[in-house]
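To start, the structure itself, in structure tokens.
Taken together, the values in this text are just the output of simple stated rules run on the coordinates, not laboratory data. If you're wondering where the values come from, they're calculated on a predicted model, not measured in any experiment. With ideal geometry, Cβ positions are generated from the backbone for all residues, glycine too; neighbour counts draw on all protein chains shown.
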């Protein structure tokens, strides 16, 4: 009997303990709305904002972002920030959408635009810039027109405020190119020669994982073959010929031995590290990998060259602004939180903040002085963006989820010749309806 | 007469039923309802479009479902033959020795207590093409490294750790069944001249038949639910979706492709399949239970 | 349950194994299988004490001069102590909930005869077939409505529900084997049902409860899926979630990964080693009858 009693006491203790610690945060939430009108004295009121962003884990801006939060709470002691940042991947995206679907809406979220944002906009989960500006006319005024253009959604409105742009390019370990006397892949012929030479030398020519992230190669092969005009389509009835031709290069390249032996099973983080550790010569990736490069002095980045009959302009790249800060409808409609949320986004998108974000990766979203102390690979990246004739957003910002994930899952089979690009694309069109 | 008064039943049963009802049965029923809706994106969870049987019809035409089903059936076969089979052989052996039985009993159970995630990561270290344990052994012996997660080998290499992990579980159950056989039966058998393999075949096996049946049912239903280890070891059914099981494919459709309705339909399918299979196993292996 | 009886049985049985050769063969097979379970673990632990570059070239040698870098690295990056604490709060409470609820329910199921008994039993057994991910989305919604996201109870209650059916079935198997005479006698002496449950049934069923506790602990501690969905704030992460994150970020650092695996499996192995004698007693009674 004694033992049972002990168990029950322990049980009671644990429950009260949890109850005690759970009070700490939600209590502030519930107290604030009914206390007073928002316009009167927001400065004295304690506000808790829940923020979610992809500036977590290995993101090159993670540390800067945390610093910005610290600066913000120092300047606004009445605002507490509960930040939930994590590395962005498909699971993270799903988590954010699950949050919104179950009513667990964050107050401010740094999230993708385009196809990913559509369901949030459809469900009236986020507030448009146009609506915010009615009350805060200066909101996001410092953001450049070009950057803001990328933020336009299907309904013509803008929702997210961008801070940093991204580009995608073919990153090359120049020391390996020198060591094996190989020319940089500035055109398709040199690209093929490089693959052959590295293959012979026992170096993996192109680091990529088909099972994890073949995304970049899908976009770039289609762009290299079909050019900007075909790449920017969102096909609903028929697919452009050039898409099939572009995807057929997966097989061409695989047959040349361009990819690692275990391309169909290896994980993407291992692949990225193979490039960092000089076990692979080239990797096609986004500007966010710059932060992890161990040897920025001997790394450079180029646009993927057009295919032999490709319509792509050699300078065209994929890039743009694909994410930004949103204020959720829930925070906006909460008089206690509205002002704090706007303040937070303004702090995060101020010119100072933007130059901090631009320092590590990509193009700044506002007219800020070029960040100093750039490494050669960062300079190459900025040049890439500056010289491009066209910059287009990746295909997956347009195709719907089901169509896109299906296409991704079929790349391994296309490269092995077990599925034809034509059949796969027909199915993609079916799913994209 | 002690248990004539039914009132205490409420005190004993209701707490468990409330927890189970709210956090197991209700979500499951909700899941069945979702399977009749077209739900794109988890955000639309409340506002899906009623789709009737469309999700189930789509399943019939989905080549990945067929592949996953085939893999699950394969896994069931492996589970019965290797999991329960190896467990049975090991149990019979340990039952026949005196020294070290306790040791084997302890270490065979090790993998059961380790999380599938940890085992998945461990096998990632074994299978890695460059520098993995298996390829290090091969190169030491002078062979070429092998691509373990290839089209042909992939499904077997993904099944291997799943099978290996739970052998110890069934081993312990069968071994205890064997220990429960009264000694007199063996003594009579020896008097009748039954020894060695015959003793196992005519006495041990029939007497623990019930135990083996339970193990088979557990192994088969476990094979149907398999999810986390394959997902950690070969995400997205790598290579090329060839190692998808119904569980991993359901997760892929729900959380990656965000077709939550379709995912719900797959999980309903898994449960129905599980009911059919365990029912069949019980019918198929029905023998007169021997009471001792 | 009686050790001397078992060892006596063993001795009688042992005499039936004839021939040294057969014996040697049996031991070889048994030892080979134990190598698959022991050596693999040893390989991981051993390599966690080596430099990551050494692992790629030579993973078999003994780490005679252990390098602690991987652990310093792991502990430096992450608050592992806090994560262990979170894990034990979650798993510990889940065990208590499961034992209390399942004990009560199993007692009622084995001792009382009532109309819905068979239906209930089918429901319990059937729910063992539910894949965890088929209930996750509705569960998340409910946990949210209860304001328990990023709160230990948000994981504890669904985990309790998930482990309850198995626990009830195991306990039922054990309790139905207990002789009724004792309870009848206590009743004659004026005990009521509750006294009987707490004073007689509970103490006798200790081995079965221990089994339930171990399995609940294993499954709760190792359950990555639910914890990943419900617990969002870093300071609430249990050990599995935390280390899963690290491995997804530093996947090529074999040394760090080996250290991470070691950190995850150590507590559960220790718990198992301390309590393993009970597993057999309770589990077989339950599973065999189940």
Theoretical ellipticity at 222 nm over the protein assembly as shown - DSSP helices of four or more residues, -39500 (n - 2.57) apiece, nearest 500: -18500 deg cm²/dmol
Nearest 10 degrees, 0 to 90: helix A:401-415 Cα axis against chain A principal axis: 30 degrees
Residue of A:274, A:256, A:348 that the Gaussian network model of chain A assigns the largest fluctuation, springs spanning Cα pairs under 10 Å: A:256
Share antiparallel - DSSP beta bridges, the protein assembly as shown, percent rounded to 5: 65 percent
Principal axis dimensions, largest first and in whole angstrom, of the protein assembly as shown by Cα: 94, 76, 60
Mean separation of Cα contacts under 8 Å (6+ apart) over length of segment C:73-289, as relative contact order %: 35 percent
Protection-proxy order for peptides A:302-311, C:109-118, each taking the mean of Cβ atoms within 10 Å per residue, highest first: A:302-311, C:109-118
Between helix A:188-201 and chain A: long-axis angle, C-alpha atoms, 0 to 90°, nearest 10: 90 degrees
Relative contact order [Cα under 8 Å, 6+ residues apart], chain A, whole percent: 24 percent
Peptide-level mean, for C:139-151, of C-beta atoms on other protein chains within 10 Å: 5
Peptide A:297-306 - average C-beta neighbours from other chains (10 Å radius): 0
Per-residue Cβ neighbour rank within 10 angstrom, fewest leading, A:383, B:152: B:152, A:383
Degrees separating the helix A:241-255 axis from the principal Cα axis of chain A, which is the longest one: 70 degrees
Relative contact order, percent, segment B:47-284 [alpha-carbon distance under 8 Å, six or more residues apart]: 29 percent
Cα gyration tensor shape of segment C:36-106, rounded if a/c is under 1.5, else prolate or oblate by comparing a/b with b/c: oblate
Percent of beta bridges antiparallel (DSSP, chain A, rounded to nearest 5): 60 percent
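Based on the Kirkwood radius over alpha-carbon pairs, what value in µm²/s does the Stokes-Einstein equation return for the translational diffusion coefficient of segment C:131-269 at 37 °C and 0.692 mPa s?
On the way: Rh = 18.1 Å.
Translational D for this selection: 182 µm²/s.
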Burial ordering of B:202, C:107, fewest other beta-carbon atoms within 10 Å first: B:202, C:107
Burial ordering of B:33, C:196, B:266, fewest other beta-carbon atoms within 10 Å first: B:33, C:196, B:266
Base-10 log of normalised Debye intensity for chain A (one unit scatterer per alpha-carbon) at q = 0.11, 0.13 Å⁻¹: -0.88, -1.14
Gyration tensor verdict on chain C (Cα atoms; rounded if a/c is under 1.5, prolate if a/b is larger than b/c, oblate otherwise): oblate
For B:161-167, mean number of other protein chain Cβ atoms within 10 Å: 1
Whether segment A:213-342 is rounded, prolate or oblate, judged on the alpha carbon gyration tensor where a/c under 1.5 counts as rounded: oblate
